[in-house]
Amino acid sequence: MDALADTSDGERPVEQWNPDYCGEMDLVIKADGSWWHEGSRITRKGLIALFASVLRKDADGRTYLVTPVEKLGVQVERAPFMAIRVDAKGEGTEQRLFFLTNLDETVEAGPDHPIRVETDPDTMEPDPYVLVRGRLEAAINRSVFYELVNLAVEHDGALGVWAGGHFFPLGPEGAHSV
């Protein structure tokens, strides 16, 4: 189908498609990054990549599989992607951070792909994310977050990392003694 053909940058224009909502699909993206359909784990990475290429999170906070003719709701427990690696280039305000997702996508953190950290108010447990595309985020896994902590510096009383010329705090104000 021509409407599903890849664009020149390899991404499908899901943000431009506005089909009617067709109901729910029994697809769950679990907190550990695994994808499940009708109770069975999807193990074919190519199939997951195909589904991911037509995934969109709308302003209503829901995530959908979208084609030019269908819009199906799916369940996402945490985030549709996992950031499984980070590579740092440079240092200080010139530092660049490149995240690799579980679907082999590389995302450079910065103003267009910010890093954010939610913090549980009771336990102070961090829950970090990086924006991949649209409103879709990758949950940053624990070992990658520890790498970010090792790269952290103090800026205006906050502990965080520089990426793409922007400073991203690794927790709420006052969460870390600097």
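The values are calculated or read from the model by the stated rules, or taken from the named source; none is laboratory data. It should be emphasised that the depicted structure is a prediction, and the values quoted were computed from it without experimental measurement. Note that we place each Cβ from the backbone using ideal geometry, even for glycine, and neighbour counts take in every protein chain shown. Note: accessible area is taken over every heavy atom of the protein model, side chains too, but ligands, DNA and RNA are not part of it. Shrake-Rupley method; radii C 1.70, N 1.55, O 1.52, S 1.80 Å.
Where residues in the range 79-101 are touching a Ser or Thr at 6+ places or on another chain (Cβ under 8 Å) and more than 20 Å from Gly165 (Cα to Cα), which of them is most open to solvent (accessible area, probe 1.4 Å)? The extreme case among them is Ile84.
Consider Glu77 carefully, then state whether it is out of contact with any Leu (no Cβ under 7 Å at 6 or more places or on another chain) and more than 24 Å from His37 (Cα to Cα).
It is false that Glu77 is out of contact with any Leu (no Cβ under 7 Å at 6 or more places or on another chain) and more than 24 Å from His37 (Cα to Cα).
Given the criteria β-branched (Val, Ile, Thr), at pLDDT 95 or above and within 19 Å of Arg135 (Cβ to Cβ), does Ile29 qualify? In short, yes.
Residue by residue, here is whether (1) under 13 Å from the mean Cα position of the chain (by Cα); (2) closer than 29 Å to Asp58 by Cβ; (3) modelled with pLDDT under 95; (4) surrounded by fewer than 18 Cβ atoms within 10 Å (Cβ to Cβ) holds:
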| site | (1), (2), (3), (4) |
| --- | --- |
| Asp122 | no, no, yes, yes |
| Pro126 | no, yes, yes, no |
| Val130 | yes, yes, no, no |
| Ala138 | yes, yes, no, no |
| Val144 | no, yes, no, no |
| Glu154 | no, no, yes, yes |
| Leu159 | no, no, yes, yes |
| Ala163 | no, yes, no, no |
| Pro172 | no, yes, yes, yes |
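Entry remark, the range 37-56: residues being among the aliphatic types (A, V, I, L, M) and more than 17 Å from the chain's Cα centre (by Cα) number 2 in total.
List pairs: first residue in the range 12-24 and touching a residue at least 60 places away in the same chain (Cβ under 8 Å), second residue assigned to a strand (DSSP E or B) and open to solvent by less than 70 Å² (accessible area, probe 1.4 Å) anywhere in the structure, Cβ distance under 8 angstrom, at least six positions apart or on different chains. Short answer, once both residue conditions are applied: Val14/Leu55; Val14/Arg56; Val14/Val66; Glu15/Arg56.
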